[in-house]
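Report on one structure; see the data block that follows.
The values are calculated or read from the model by the stated rules, or taken from the named source; none is laboratory data. The shown structure was predicted, so the numbers you read here are calculated from the model rather than taken from an experiment. Using ideal geometry, Cβ is built from the backbone for each residue, glycine included, and neighbour counts are taken over all protein chains shown. Just so you know, the surface numbers come from the protein's heavy atoms only, side chains and all, with ligands and any DNA or RNA stripped out. Shrake-Rupley method; radii C 1.70, N 1.55, O 1.52, S 1.80 Å.
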Amino acid sequence: MSDPAAAIVRARGVAKSYDSGRIPVLHEVDLTVAAGELVALWGASGSGKSTLLHLLGGLDVPDRGELEVCGLDPRREADRLTLRRRELGFVFQLHHLIPDLTVEENLRVPALAAGRPSRETGLRLRELAAQVGLAHRLSHRIQDLSGGERQRTAICRALMNRPRLLLADEPTGSLDERNGEVVFALLRDLAARHGLTVLLATHERRFAEACHRIIRVRDGRLDEIAA
Amino acid sequence: MSLPPESPANPWRVYALVFTNLRRHRWRALIGMAGISFGVAAMLTILAIISGAIGMFQRILSSDSHYLVFERNVSDLFFSSVTSAQVAALRARPDVAEAHPVLFGLVSAPGHPVVTCFGIEATDPRLGRAQWLAGERAGFGARAGEIFLGSRAAEFLGARLGAELAIGRGTFRVAGILRTENGFEDGGVFLPLPEAQAFFHRAGAASVVTVKLRDERTGGAFKVAVEAADAGLMALENREFNSTYTSFRILNFTGWAVGVCAFALGGLSVANTMLLSVFSRIREIAILRVCGFSRAQVAGLIFGEAAAVAALGVVVGCALGAALLAVLERVPQFNGYVQARVDPAVLAGIVATAFITAAGGAIYPARFASRIEPAEAMRYE
Ligand SMILES: Nc1ncnc2c1ncn2[C@@H]1O[C@H](COP(=O)(O)OP(=O)(O)OP(=O)(O)O)[C@@H](O)[C@H]1O
Ligand SMILES: [Mg+2]
């Protein structure tokens, strides 16, 4: 599974600190993820999981080290744009949807950014909404949805532009146990169905254990533990 | 699963969000729009009144004529002096069909310190075109000591036919009341030219001569010949006169200056509402960035919203301005003076100013919005 030729994520010696070095968060991180893998970044709160996902998704830049995601360099603004529009989708602990827009309007946002035709977008969003059981909720506003429904909408939004990689940062973190399980199962099914690579940050052991690989994050260092 | 072929990307699709956002923030959009629409309405009203007034003045000068001849190098037509010899010389020209001297002056009447007075000859065509409410045209200039009033002047002076009217230091008998289409004329008084010249101590002088040519196409030659023959005179085609006459230019400039100030306020209101709108949407903008919006697209969104607000403001402002003008035209005190006239070029200028103002107001908000860093902004909860 870790054929380097098919690697979709590659990090070499990546370090990141905040407050001009006073708060070191990641230390010399190496990571390779192959296409199609479902990988858990498992660690306690504050261990640096979100920071790593932000670096991979180009939301932040590392102090040093090499990064390659889907063949692009997330440290460069131009590559970041391509990454966000075409190659990767983000799901956060908080849904980060626009509350007073409807489900459909929220799902259209990534397609607007990429300039996709409206009709094609409509087909895509209906297909995805059906897959997560939200087909009947498309015209509802986010503020009228339950937490689980919001998170499922957020997952659909991440998949709108047919990315190859999904970066999921505690997507079940704000949900109750049952809804957390539903959302996790959905992520796993969608990943398999759409041939996605998923990096899932979580502090919950049960979800980590259901992934292909578990990478333990502790004090900004990674080590692989057997799944 | 099989993917359908990708269609070409269209970067303009983003702007669909502009309308979604305006709908979501209706009140905010309305406030920004109100700022622009007041600017548009103010500018429209002021400029329409000014160009209406200028138009009236122009029609006094250009009634039935092609060229205006007046003294070279005067700042205002009231100071221009064309002698009777010069009038005679113009009339003697073979290419001139008619030439009518007009002497402008200001007179005072009881309770009305400034009344425009027109000194004209009995043959002047404007006497024929007017509707004579009292007295008769044939009497114009027949007897000394007589004055003729525009119908509105008669109204505000409270004068009837045959009344004695104190004008300046003299007393005149009202021998006719005539209604003219032109607001200025209708609010002024008419004296036979010799009486006016005596009254204003300008014997033999006229302010301007309106000239009608036998063939309008010979105008160029007429102008050259008149100015060559008499270095003290200047001949301008009516259209040319309108664009060079200093008093018109000052009026117009004032109109635009006041209008632009009104717009500056509109621009501030756009800046203010757009800035508020950006501040309250920091996280939302961060989300857009994560979803693939470029900095330029975010800035474009803000400019797009400002432009849409301006477009609405222009429409509402035009309606507001039109309503205001319609009301002003009906106010008795303004009767005749307000002749709203909206030049398409002026309208285009107003619309352009509205959009430039809105864009100007959106610069800082757009810059701020485009610099929002997604990771930082989304940490807030
Ligand atoms: N912008 C920042 N400025 C200062 N410190 C930061 C910043 N972002 C993150 N940190 C610190 O970096 C450390 C790692 O944070 P990070 O969010 O990556 O952890 P995490 O593993 O995702 O934790 P959690 O499970 O709580 O989400 C934390 O101690 C956090 O306080
Ligand atoms: Mg985190």
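Couple of notes before you dig in:
- Unmet criterion (only one of (1) surrounded by 18 or more Cβ atoms within 10 Å (Cβ to Cβ); (2) touching a Pro at 6+ places or on another chain (Cβ under 8 Å)) for residue B:59: (2)
- Out of B:277, B:294, B:269, one residue alone is of a type in the set (S, T, N, Q) and farther than 29 Å from residue A:158 by Cα. It is B:269.
- Residue satisfying condition, being under 33 Å from the mean Cα position of the chain (by Cα), within 14 Å of chain A (Cβ to nearest Cβ) and at pLDDT 90 or above, within set B:304, B:317, B:300: B:304
- Of everything listed in (1) crowded, with 20+ Cβ neighbours inside 10 Å; (2) more than 16 Å from ligand 1 (Cβ to nearest atom); (3) at positive phi, the single unmet condition for residue A:162 is (1).
- Count of the stretch B:63-103 residues which are touching a strand residue (DSSP E or B) at 6+ places or on another chain (Cβ under 7 Å) and assigned to a helix (DSSP H, G or I): 6
- Scoring residue A:92 on the criteria (1) within 16 Å of ligand 1 (Cβ to nearest atom); (2) more than 9 Å from every other protein chain (Cβ to nearest Cβ) leaves a single failure, condition (2).
- Qualifying residue in the stretch A:147-155 (condition: more than 16 Å from ligand 2 (Cβ to nearest atom), more than 17 Å from residue A:86 (Cα to Cα), in contact (Cβ under 8 Å) with a residue 24 or more places away in the chain and among the hydrophobic types (A, V, I, L, M, F, W, C)): no
- Selection from the stretch A:95-146 of residues that are away from chain B (no Cβ under 13 Å) and in contact (Cβ under 8 Å) with a residue 40 or more places away in the chain: A:103, A:132, A:145
- Condition met for residue A:12 (over 21 Å from residue B:291 (Cβ atoms) and of a type outside the set (A, V, I, L, M, F, W, C)): yes
- Residues being loosely packed, with under 15 Cβ neighbours inside 10 Å and away from ligand 2 (no atom under 16 Å from the Cβ) - total across the stretch B:355-381: 5
- Cβ-Cβ under 8 Å pairs, at least 6 apart or on other chains, the stretch A:185-208 side closer than 21 Å to residue A:54 by Cα and within 16 Å of ligand 1 (Cβ to nearest atom), far side among the charged types (D, E, K, R) and assigned to a loop (DSSP other than H, G, I, E, B): A:201/A:170; A:202/A:170; A:203/A:170
- The set of residues from the stretch A:165-180 being more than 12 Å from chain B (Cβ to nearest Cβ) and within 11 Å of the chain's Cα centre (by Cα) comprises A:165, A:166, A:168, A:170, A:171.
- Failed criterion for residue A:22 (all others in (1) farther than 28 Å from residue A:195 by Cβ; (2) touching a residue at least 40 places away in the same chain (Cβ under 8 Å) hold): (2)
- Residues within the stretch A:37-69 that are away from ligand 1 (no atom under 13 Å from the Cβ) and either touching an Asp or Glu at 6+ places or on another chain (Cβ under 8 Å) or within 14 Å of chain B (Cβ to nearest Cβ) (or both), tallied: 4
- Near pairs, Cβ below 6 angstrom, 6+ apart or cross-chain, from the stretch B:126-153 (open to solvent by 60 Å² or more (accessible area, probe 1.4 Å)) to any residue that is assigned to a helix (DSSP H, G or I) and of a type in the set (Ser, Thr, Tyr): B:133/B:151
- Checklist (1) on the phi > 0 side of the Ramachandran plot; (2) within 16 Å of ligand 2 (Cβ to nearest atom); (3) among the small types (Gly, Ala, Ser) applied to residue A:201, failing item: (1)
- Test: residue B:247 is at pLDDT below 85, away from chain A (no Cβ under 14 Å) and over 23 Å from the mean Cα position of the chain (by Cα): no
- So residue A:82, is it free of Cβ contacts under 8 Å to residues at least 40 places away in the same chain and among the β-branched types (Val, Ile, Thr): yes
- Strands (runs of 3 or more DSSP E) contained entirely in the stretch B:104-180, each with at least 2 residues that are under 32 Å from the mean Cα position of the chain (by Cα): B:112-120, B:131-135, B:146-150, B:170-179
- Scan the stretch B:216-231 for residues that are over 31 Å from the mean Cα position of the chain (by Cα) and acidic (Asp, Glu) and the total you get is 1.
- Against the numbered list (1) over 26 Å from residue A:80 (Cα atoms); (2) at pLDDT 90 or above; (3) within 14 Å of another protein chain (Cβ to nearest Cβ), residue B:277 comes up short only at (2).
- Wholly enclosed strands (runs of 3 or more DSSP E) of the stretch A:1-117 bearing at least 2 residues within 16 Å of ligand 2 (Cβ to nearest atom) and surrounded by 17 or more Cβ atoms within 10 Å (Cβ to Cβ): A:23-34, A:38-43, A:88-91
- Among (1) under 25 Å from residue A:35 (Cα atoms); (2) under 18 Å from the mean Cα position of the chain (by Cα); (3) hydrophobic (A, V, I, L, M, F, W, C) - the single one residue A:114 does not satisfy: (2)
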